[in-house]
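Trainee: Before anything else, here's the structure in question.
A short reminder: the numbers here are calculations on the coordinates, not readings from a lab. Because the structure is a prediction, the values reported are computed rather than measured. Glycine gets a Cβ as well: all are built from the backbone with ideal geometry, and neighbour counts include every protein chain shown.
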Amino acid sequence: MGKWMVPQQLLKRSSTSGFGRRLLLSSLNSTPISASSGSIYKWKDPCVPSITPSLDRQQKKYPQTYNSLPSEYAEICHASATRLNGTYSLQYRPFGSASTKIQRNPLFATITSDDISHFKELLGEKNVIQDRDRLLTANMDWMRKYEGSSQLLLQPRSTDEVSQILKYCNSRHLAVVPQGGNTGLVGGSVPVFDEVIINIGSMNNVISLDKVSGILVCEAGCILENLDSFLANQGFIMPLDLGAKGSCQIGGNVSTNAGGLRFIRYGSLHGSVLGLEAVLANGSVLDMLGTLRKDNTGYDLKHLFIGSEGTLGIITKISILTPPRLSSVNLAFLACKDYLSCQKLLQEAKRTLGEVLSAFEFLDSYSMDMVLTHLEGVRNPLPPSTYNFYILIETTGSSESYDKEKLEAFLLCSMEGGLISDGVVAQDINQASSFWRIREGIAEALMKAGAVYKYDLSLPVEQLYNVVNEMRSRLGPSAKVLGYGHLGDGNLHLNISTPEYDDTVFAQIEPFVYEWTSKHRGSISAEHGLGLMKANKIHYSKSSETVQLMASIKKLLDPNGIMNPYKVLPH
C-alpha cells in the first residue's frame with residue numbers, strides 16, 4: 001500500500017459521504033494518507049429507458065395519423081399508408097417543422113412475395129424476419145422517436161450474403177437501411193418508410209488480434225463491450241467507450257464515427273481504424289482491410305465510409321488499433337463554482353496530467369438535479385451542498401504510485417487556486433461506478449422526466465456553455481435546459497426537458513440552436529451523426545460546394561440511391 005504526503009487542506013477521510021477521499025477545506029497541517037491499492041474500472045449501464053407516459057398516451061390516441069401530434073415529433077406514430085401487393089407503401093412523413101414533409105421516393109419498389117422467396121433461398125427462412133413483434137423493435141429507435149414501417153428484416157451471416165442481398169436490392173430498386181445495435185439518436189438506423197432492414201448482428205466474429213501491435217480485425221456485428229472484454233484478456237483495450245457499449249456494434253460505431261469518453265485520450269476513429277471492408281450498393285466488395293499503421297498508396301478510401309452512416313455502403317469488417325490496457329485508473333468527481341473555472345481546470349489538466357488524462361467530462365447543476373430526482377439509488381457524492389458545475393476527471397497510466405501522486409498534486413494546486421470548490425476521489429470500483437452512473441444516467445433521467453429535445457454540438461470550449469445560457473433566456477420557465485458532455489473535446493450535449501412536446505417550445509429552439517452554432521463556427525453534430533433528424537440542416541455546418549461534392553460521391557457509389565435514403569444529405 002503506497003503512501004504520500006498531502007496537505008490536509010486537500011484531502012481527508014470523509015465520515016459522512018461514503019465516497020472515499022473527500023476534498024475539504026481544513027487546516028494546512030500535513031498528514032500521511034494511505035492510498036488504496038488496485039485498479040478502478042468504469043462500469044457502463046447500456047440503459048434503454050421506457051417510453052415516456054406522455055408519448056405513450058399520444059400513440060394510443062392517434063395510431064394512424066401524424067397531424068394530431070406536435071409536428072417536430074410527428075414521426076413517432078404511423079403514417080398513412082396504401083396497401084400495395086401485400087405491403088404498405090408510405091406516401092409521406094412529416095418531419096421537422098410543419099412545412100417540411102419527407103416524400104417516399106416513387107422510384108423505389110415495394111417488397112413482393114417473389115422477393116421474400118429469393119431472400120429465403122439465399123439466407124434460409126430463419127434469417128428472413130417477417131414477425132410483427134421483431135419488426136416493431138427493428139423499426140423503432142431506442143428513444144422511440146423515429147418509427148418506420150418495414151415489412152422485412154434480413155440477417156446475413158457473411159460478407160458474401162451482404163453482397164448478394166445488395167446486388168439483388170439494387171437490381172430491384174429496393175431501398176435498404178443497414179442496422180447494428182440501433183442505439184443512435186438521430187434516426188439513422190431505422191427505416192423512414194418501408195426500406196428493407198439489413199441487420200449485421202449475426203456477423204460477430206473476431207478474426208484476429210496481433211498481440212505485438214494490438215491490431216484487432218473483426219466483423220462489423222461485434223458488440224463493443226464484448227470486444228473490450230475479449231481484449232481485456234489479452235492486455236488491450238478498445239479506444240472507444242460509450243454508454244451504450246453493451247448493445248452498440250462496432251460497425252455502427254465506425255459508420256457514425258462515434259466519439260465517446262476516451263476521445264480526449266485516443267482521438268477519433270479516423271485515426272484508430274486502420275482498414276475496413278465494405279459492400280457497395282451494386283454488391284461490389286471493397287477490400288480495404290489493411291492492418292498497416294502506414295500506407296500511403298493513393299486515396300485512403302476507408303475515410304469515406306467512416307461517418308457515412310450507411311449511405312455509401314455497408315461496413316462488414318474492420319481493423320482497428322487497440323492500445324495497451326493500463327493497470328492504474330483513478331477517478332475524481334469535482335465541483336466548480338462557474339464555467340470559467342471548468343475551462344481553466346481543463347487547461348491545467350492537460351498541462352499537468354498530460355499523458356495520463358483519459359477523460360474530462362462535465363455536467364451542470366440542472367443535469368445533476370435531473371439525475372438525483374429521476375434515478376433510483378443515485379446519491380450526490382458531495383453532500384449536502386449543490387454546485388453550479390461538476391467535473392469527472394479520469395487518469396489512466398502504468399504506474400499506480402506515480403499516477404496517484406500526479407493526480408493529487410494537480411488537485412492540490414487546483415484547490416489552492418480556487419478552481420475546485422469541493423471534490424472526492426473514488427477509492428474502489430463501486431465508488432467509480434457510482435460516479436459514472438451520474439454522468440451516464442442523464443439521458444435516462446431525461447426520458448423519465450417527460451419530453452426531451454436533444455442536440456449534440458461541437459463548439460470552441462470558451463463558447464460552449466453560452467448557448468445553454470441563451471437557450472434558458474429564450475425559453476424561460478417553460479422548459480429546463482441542461483448542459484453536459486465531453487468538455488475535453490468541446491462537445492456539448494444540449495438537452496431541453498419539458499412535460500410534453502410542444503410546437504411553441506420547438507419554434508423557440510429551432511432553427512435558433514443551429515443558427516447560433518453556425519455563427520460561432522461550430523458543428524451541429526459532434527458525434528451523433530446527422531441521420532434523418534439533421535440531414536436537411538447540414539448547410540449550417542458545411543458549405544454548399546462541400547455538400548454538392550458529397551452528393552456527387554453518393555451518386556457515384558450508389559446511383560440508384562437505395563442505401564439508407566433520406567439520411568445525412570438533404571432530401
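Trainee: Going from the alpha-carbon gyration tensor of the range 196-296, what semi-axes, largest first and in whole Å, does one get by taking the root of 5 times each eigenvalue?
Mentor: Working: eigenvalues 85, 60, 40 Å².
Over the Cα atoms of the range 196-296, the ellipsoid semi-axes are 21, 17, 14 Å.
Trainee: Compute, for the range 233-387, the length of the dipole vector about the Cα centre, with Cβ point charges of +1 (Lys, Arg) and -1 (Asp, Glu) only. Units Debye, rounded to 20.
Mentor: Values: 13 positive and 13 negative charges, 84 e Å.
The calculated dipole for the range 233-387 is roughly 400 debye.
Trainee: Search the structure for amide H atoms under 5 Å from the amide H of Arg104, placed 1.01 Å from N in the peptide plane, and list their residues when 5 or more places away or on another chain.
Mentor: Tyr92, Arg93
Trainee: Let me ask something additional. Provide, for q = 0.10, 0.12 Å⁻¹, the log10 of I(q)/I(0) from a solvent-free Debye sum over equal Cα point scatterers in the range 154-246.
Mentor: Per q value, in the given order, log10 I(q)/I(0) is -0.34, -0.48.
Trainee: What are the ³J(HN,Hα) values, in whole Hz, obtained from phi via the Karplus relation 6.51 cos²θ - 1.76 cosθ + 1.60 with θ = phi - 60°, for each residue of the range 540-553 in sequence order, with x given for Gly and Pro?
Mentor: Here the 3J(HN,Hα) series is 5, 10, 10, 6, 4, 5, 5, 5, 5, 5, 4, 5, 5, 5 Hz.
Trainee: Now for a different question. Would you mind working out the magnitude of the charge dipole of the range 436-555 relative to its Cα centre, with +1 at each Lys and Arg C-beta and -1 at each Asp and Glu C-beta, to the nearest 20 Debye?
Mentor: The dipole of the range 436-555 has a size of about 180 debye.
Trainee: Report ³J(HN,Hα) in whole Hz for each residue of the range 275-286, in order, from the Karplus equation J = 6.51 cos²θ - 1.76 cosθ + 1.60 where θ = phi - 60°; Gly and Pro get x.
Mentor: Karplus-based 3J(HN,Hα) across the range 275-286 equals x, 7, 10, 9, 10, 7, 4, 8, x, 5, 9, 9 Hz.
Trainee: Checking a compactness column here: for the range 327-446, what do you get for Rg(Cα) / (2.2 N^0.38 Å), N being the number of residues? Let's see the in-between values first.
Mentor: On the way: Rg = 13.8 Å, N = 120, 2.2 N^0.38 = 13.6 Å.
Rounded to two decimals, the normalised Rg is 1.02.
Trainee: Next question. Select from Thr316, Leu334, Leu353 the residue farthest towards the positive end of the dipole of the range 296-361; place +1 on Cβ of Lys and Arg, -1 on Cβ of Asp and Glu, and compute about the Cα centre.
Mentor: Leu353
Trainee: What's the long-distance tail for the range 125-170, i.e. % of Cα pairs beyond 16 Å? Intermediate results must be reported in sequence, preceding the final value.
Mentor: Working: 497 of 1035 pairs.
Everything past 16 Å amounts to 48 percent.
Trainee: Separate question: Given H placed 1.01 Å from N in the peptide plane, which residues other than close sequence neighbours of Ala359 have an amide H under 5 Å from its amide H?
Mentor: Amide H to amide H, under 5 Å and 5 or more residues apart or across chains, Ala359 pairs with Glu394.
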